[in-house]
Amino acid sequence: MGLWVDCAERIGPGLVDPGKPLGNAHRVTTRGKASTESSIIGISIVQAESMDDALEMVRDHHHHDWAEDCEMVVLEEMPFPEMDLPDHSATTVEERDEGADQDRGITALTPRR
């Protein structure tokens, strides 16, 4: 737990929700639903002014120490093209360890308010 506390203090007010573990993955298609494998094992929400700021927030994240292949993929939240929405500079970070069956997660960043 100490690593999470240290991480939260380093990120500061950008950490909107520290998140929680995820599991019990299911896939839904037009042919039905079924349990499935997933490399995503957690979610947290952070807020950043830019993609570079979001990348800096997770650069030294303690999950990188779990396994050599652990990674975080950063994705930007985009507005719906059909809707007139305010500026969004949010990002989602997915962490994955391609070499293991665990130690993966996702971090979603919220739009600027």
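The values are calculated or read from the model by the stated rules, or taken from the named source; none is laboratory data. Keep in mind it's a predicted model, so treat the numbers as computed, not measured. Heads up, the Cβs are rebuilt from the backbone with ideal geometry, glycines too, and the neighbour counts pull from every protein chain shown.
Does segment 77-88 hold any residues that are at pLDDT 75 or above and either touching a strand residue (DSSP E or B) at 6+ places or on another chain (Cβ under 9 Å) or farther than 30 Å from residue 41 by Cβ (or both), and which are they? Once the filter is applied, which keeps residues that are at pLDDT 75 or above and either touching a strand residue (DSSP E or B) at 6+ places or on another chain (Cβ under 9 Å) or farther than 30 Å from residue 41 by Cβ (or both), segment 77-88 yields 77, 78, 81. Of all residue pairs spaced 6 or more apart or on separate chains, those with beta-carbon atoms under 7 Å, a first member in segment 10-30 that is over 12 Å from residue 43 (Cα atoms) and a second member that is surrounded by 13 or more Cβ atoms within 10 Å (Cβ to Cβ) are 11/46; 11/57; 14/46; 14/47; 14/48; 14/57; 25/38. Here the condition is being among the β-branched types (Val, Ile, Thr) and out of contact with any strand residue (DSSP E or B) (no Cβ under 7 Å at 6 or more places or on another chain); of 74, 28, 16, 58, it holds for 28 alone. Here residue 44 clears all of (1) among the hydroxyl-bearing types (Ser, Thr, Tyr); (2) over 15 Å from residue 73 (Cα atoms); (3) in contact (Cβ under 8 Å) with a residue 12 or more places away in the chain except the condition numbered (2).
Of the strands (runs of 3 or more DSSP E) lying entirely inside segment 1-68, the ones with 2 or more residues being crowded, with 16+ Cβ neighbours inside 10 Å are found at 15-21, 42-47.
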